[in-house]
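Colleague: Got a structure for you, written out below as structure tokens; questions coming shortly.
The numbers here are math on the coordinates, done by the rules we state, and not lab data. Everything quoted here is computed from the prediction, not taken from an experiment. When we count neighbours, we look across all protein chains shown, and the Cβ atoms used for this are built from the backbone with ideal geometry, even at glycine.
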Amino acid sequence: MERLVVANWKMNGSIKLVQEFHSLQNNPKTTTIICPPSCYLPLLKPSSFKLGAQNCHQAEKGAFTGEVSPAHLKELGCQYVIVGHSERRTLFQENDSLINQKAAQAIEHGMIPIVCVGETYLERQEGRFKQALLAQMDRALHNLDSQKYVIAYEPIWSIGTGLVPTNKDIEEVLEMIHARLGRSAKIIYGGSVTDKNILTLSQISNLDGVLVGGASLNIKTFQTIIDAF
Ligand code: 13P
């Protein structure tokens, strides 16, 4: 099974970092996807990795000042686009219905949306996380072909905190998602993935890869994560 290793630079990075990443080495067991801020997309020359975006607008074009359309991303060589990241949901008020439209547009334009879902700390503590995840998935993936997207399971309490669920906890969620969407649905994990915990996470047999935030901003650390598979 080929694993996906996705770098989400968020609103970080620089031209210098873009240049450094040109020496990233491929691991034949993985597909590496770099998602930089969209202004850097034309500067990244995909060789050992593929290109992805961190967001897209739900329309093909039009009077939407400041937005980037799926058609633009496709033209710049993006094969993947992250949609519904919890930061977009929380800071930019994106809901599942909008995320569903974005994912559908990405597919329409020949890209693979990486659709993020994840529970809050409270939902996990109160044992409501399964219902919360299923509700997000049912709405955000409505009418989409499960062969055409990747799910990123990113517990909100794990993003940028250093807190990582146990492998057993992640396996339980994978099991639930597979039961809902079918065995062939691709699911990756995100939330405080580092060069220190990647060996443990890579033991999860039916995990299709990882989505890496902070640790993807350093080529050495990120290379270690790629090489762990
Ligand atoms: P961190 O790896 O920095 O916790 O971020 C995870 C994330 O949000 C990736 O999309």
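Colleague: If you place +1 on the Cβ of every Lys and Arg, -1 on the Cβ of every Asp and Glu, and leave all else neutral, what size is the dipole of segment 32-129 about its Cα centre, to the nearest 20 Debye?
Modeller: Its charge dipole is roughly 280 debye.
Colleague: A follow-up question, please. How large is the direction-averaged shadow of the alpha-carbon convex hull of segment 93-229, in nm²?
Modeller: 8.5 nm²
Colleague: Separate question: Let's see if you can work this out: charge +1 on each Lys and Arg Cβ, -1 on each Asp and Glu Cβ, no other charges. What is the dipole magnitude of segment 60-219 about its Cα centre, in debye to the nearest 20?
Modeller: 100 debye
Colleague: Counting pairs on different chains as well as pairs 8 or more places apart, how many Lys pairs in the chain have Cα atoms under 16 Å apart?
Modeller: For the chain, qualifying lysine pairs total 14.
Colleague: Report the residue, chosen from TYR80, TYR121, TYR149, that carries the largest GNM mean-square fluctuation when the chain is represented by alpha-carbon nodes joined by springs under 10 Å.
Modeller: TYR121
Colleague: Give me, ordered by chain and number, the residues 5 or more places off VAL81 or on other chains with an amide H under 5 Å from its own placed amide H.
Modeller: ALA53, ILE112, ILE114
Colleague: Put one equal scatterer on each alpha carbon of the chain, apply the Debye formula with no solvent term, and list log10 I(q)/I(0) at q = 0.10, 0.15, 0.16 1/Å to two decimals.
Modeller: Relative scattering, expressed as log10 I(q)/I(0), comes to -0.41, -0.97, -1.12.
Colleague: As a footprinting exposure proxy, order SER205, SER216 by other Cβ within 10 Å, with the fewest listed first.
Modeller: Placing the least packed residue first, the sequence is SER205, SER216.
Colleague: So, one more: DSSP loop (so not H, G, I, E, B), at most 12 other Cβ within 10 Å: list which trypsin sites (Lys or Arg not before Pro) in segment 152-225 pass both filters.
Modeller: Those satisfying the criteria are ARG183.
Colleague: Over the chain, what is the relative contact order in whole percent, taking alpha-carbon pairs under 8 Å and six or more residues apart?
Modeller: 21 percent
Colleague: I would also like to ask the following. What number do you get for segment 1-81 when its Cα radius of gyration is normalised by 2.2 N^0.38 Å, N = residues?
Modeller: Its radius of gyration relative to the 2.2 N^0.38 Å reference: 1.13.
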